[in-house]
1. What is the distance, in nm, between label points placed 7 Å from the Cα along the Cα-to-Cβ direction at Ile250 and at Leu226?
2. Return the FRET efficiency for the residue pair Val55, Leu239: r is the Cβ-Cβ distance, R0 is 35 Å, and the value is rounded to the nearest 0.05.
3. What do you get for the angle between helix 150-166 and the principal long axis of the chain? Use alpha-carbon atoms, 0 to 90 degrees, nearest ten.
4. Given the C-alpha centroids of the stretch 20-51 and the stretch 162-194, what is the distance between them in whole angstrom?
5. What are the residues whose amide H is under 5 Å from the amide H of Leu199, where those residues sit 5 or more places off or on another chain and H is modelled from the backbone?
6. If I take every Cα pair under 8 Å that is 6 or more residues apart in the chain, average their sequence separation and divide by the length, what percent do I get for the relative contact order?
7. Can you tell which of Phe23, Ile117, Leu61 lies farthest toward the positive end of the dipole of the chain, using +1 and -1 charges on the Cβ of basic and acidic side chains (Lys, Arg; Asp, Glu)?
8. Looking at this model, which pairs from Lys3/Lys134; Lys82/Lys134; Lys230/Lys251; Lys56/Lys134 are more than 21 angstrom apart at the alpha-carbon?
Amino acid sequence: MKKHIPNLITLLNLFCGCIAVFFAVHGVFEMVALFVFLGIFFDYFDGFAARLLNVKSGLGLQLDSLADMVTSGVVPGIVMFKLLEMSSTGGWSGGLFSESSGLATWQSFKLNPQELIPLLGLIVTLASAYRLAKFNIDENQTNSFIGLPTPANTLLIISLPLILLYHTNEVLNNMILNQWFLIGLTFLSAYLLNANIPLFALKFSNWSFKDNAIRYVFLVVSIILLVTLKFMAVPAIILFYVLTSVLNLIKVKG
């Protein structure tokens, strides 16, 4: 019975991801964030449970990636789609699917080429799928990551609509709703997911500060940023994570 516990937790991640997809399509981004957070929580603890119960399996590895593909692949792609749609139409209404409701035929579908731009957001989904597939066959990512992990990338993208909703910084809001900024971020996201950049993992083999200095510093700085900047802290934390990893790599090689 115990060998199925980690897989059950993984399925809870997938369940949360499916619900997040539903809310993302309808633009209810507070609920998207809630279920993505829950999904990432389950994603972390399924591995913890597998190690604790000593029931690691190939099935669990594949199931984990399939669940991540939804929660940390499909969801951020749809969120970026909706943001690009908003930047193109000037609001949440309108866009690629605005003309159809309920059952419809392709003859009734009116297509404006400008409305295809939001589909670029789905590049995030494609890049996430490629990254997850590489992770499954890469034996060099046990204690560190090569490229930005999909959950971190997802948190970066879902933080953008939350910043729009809960912060009143007009300059920042205008930047987030700038179509070229979103397109640039989409391609940057796809690159970072699959870049050959070693990034440290938040896994503690022991509690020694000497052995885990970079992790302790990262956690402390992240908490300070979250308390002071709230949702605006998320992009700053991701940037700090990448820069800290690169600087640490330079230090080790030097």
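1. Going from the Ile250 label point to the Leu226 one covers 2.8 nm.
2. On the way: r = 37 Å, r/R0 = 1.06.
With R0 = 35 Å, the Cβ-Cβ based efficiency is 0.40.
3. 50
4. The stretch 20-51 and the stretch 162-194 have Cα centres separated by 21 Å.
5. For Leu199, the qualifying residues are Phe145, Ile146, Gly147.
6. Taking the mean separation of contacting Cα pairs over the length of the chain, I get 19 percent.
7. Leu61
8. Lys3/Lys134; Lys82/Lys134; Lys230/Lys251
The values are calculated or read from the model by the stated rules, or taken from the named source; none is laboratory data. This is a predicted model, so every value here is computed, not measured. Cβ atoms come from the backbone with ideal geometry, glycine included; neighbour counts cover every protein chain shown. Just so you know, the surface numbers come from the protein's heavy atoms only, side chains and all, with ligands and any DNA or RNA stripped out. Shrake-Rupley method; radii C 1.70, N 1.55, O 1.52, S 1.80 Å.
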